[in-house]
Amino acid sequence: MIDERISEKLPYPSKYVEVYGSRMHYIEAGSGNPILFLHGIPTSCYLWRNIIPHLSSLGRCIAPDLIGFGKSDKPDIKYTVVDHIKYVEKFIETLGLKHITLIMHGWGSVIGLDYAMRHEENCVGLVFYEAFLRSSNGDDISLPFQEQLISLQNQPVDDFIVDGSAFVDRIIPQMVMRQLTEKEMNHYREPFVQEGSGKPIAQYLKELPRGNEKNEVEQLIASYSKKLTKSQLPKLMLYSVPGFVTTIATAMWAKEHLPNLEIVDIGEELHLAQESYPQLIGESISVWLQGVEQMRRG
């Protein structure tokens, strides 16, 4: 059942920090140890608007827009996943964030999990939904994800450089079972309305693992995945069916191979459960976070 308490409003003021000469936009609420939210593609910090209220009493919730997304600047860079990793790492360093709980979604999980496995001493917990947990293969891609990839095959990726909002209009309705309002869709369209602003989307599509090639991103995922299987950091995996990225096989793999893992089934959804079940997601993370804190205190 779709959560009825879903607000269109982003109730937090915009903040900016300079990273490599460009401004990265973020919102924040609460105080204490940082809870860092990393969105996927083609969304923004707006995705977390109805989840942060459940967690802001437990820490300093910080949700940036990835460089080139949301209200962050669009510098003249390639927007590879390595670029995103570089900017997020500098964002963390600039804000002086220590003892971080990472909450990651989609492409944001590639950025966040890579960071966590290279800076495990600076992390206290990992929460992920629709995450790239392991290197994929052709047999481990969900049917909805396959259908989306097929729908994109006949359109040159670089078309989306010119009109990124067309990608938003086409893809987001395929990612969520709830029909978003026009105001909600406009929040996701707005960063890509200007002609030529879709370069970050086009690069994402070029790098997106498709299960039949071992590109640089696949190698990156394989590297942090191996480390994840040995990491004792507390982990919370949010899982929906049928999902896009996280198949049943991947969920079973995670259950078997990832230490200190808790799995929460949030029901029937594709890729953007934050837009359908924010209360369930927020409450699940809240309960888990409080449990982790109790264990830490002994």
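Rule-based calculations on the coordinates, nothing more; no lab input. As the structure is a computational prediction, the values presented were derived from the model and not from experiment. So basically every Cβ, Gly included, is an ideal-geometry build from the backbone, and we count neighbours across all protein chains shown.
Tabulated data for the structure shown
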read-out: FRET E, pair Ala222, Glu8, Förster distance 41 Å, beta-carbon r, rounded to 0.05; value: 0.55
read-out: Hits among lysines - C-alpha to C-alpha of Lys74 under 17 Å, sequence gap 8 or more where chains match; value: Lys15, Lys86, Lys90, Lys199
read-out: Pair Glu256, Asp73: separation of 7 Å Cα→Cβ label points (nm); value: 4.8
read-out: At least 24 Å along the helix axis (C-alpha) and Kyte average at least -1.0, DSSP helices within the chain; value: 278-297
read-out: Residues of type lysines that Lys235 reaches as a straight line, Cα spacing below 18 Å, ignoring anything fewer than 8 places off in the same chain; value: Lys98, Lys226, Lys227, Lys255
read-out: Sparse-neighbour loop sites [chymotrypsin sites (Phe, Trp or Tyr not before Pro); the stretch 15-118; at most 15 other C-beta within 10 Å; DSSP]; value: Tyr20
read-out: Net charge, Leu258 excluded, C-beta distance under 13 Å - Lys, Arg +1, Asp, Glu -1; value: +4
read-out: Least to most buried among Leu126, Leu58 (fewest other Cβ within 10 Å first); value: Leu58, Leu126
read-out: Aspartates and glutamates whose Cα lies under 18 Å from that of Lys9, excluding same-chain neighbours fewer than 8 positions away; value: Glu28, Asp65, Glu182, Glu184, Glu190, Glu275
read-out: Exposure proxy ranking, count of Cβ atoms within 10 Å, fewest first, for Thr246, Thr80; value: Thr80, Thr246
read-out: Pairwise FRET efficiency - Glu89 versus Gln179, Cβ, R0 = 41 Å, nearest 0.05; value: 0.65
read-out: Separation of the Asn154 and Glu120 label points, Cα + 7 Å toward Cβ, nm; value: 4.8
read-out: Trypsin sites (Lys or Arg not before Pro) restricted to the stretch 6-73 and DSSP loop, no more than 14 other C-beta within 10 Å; value: Lys9
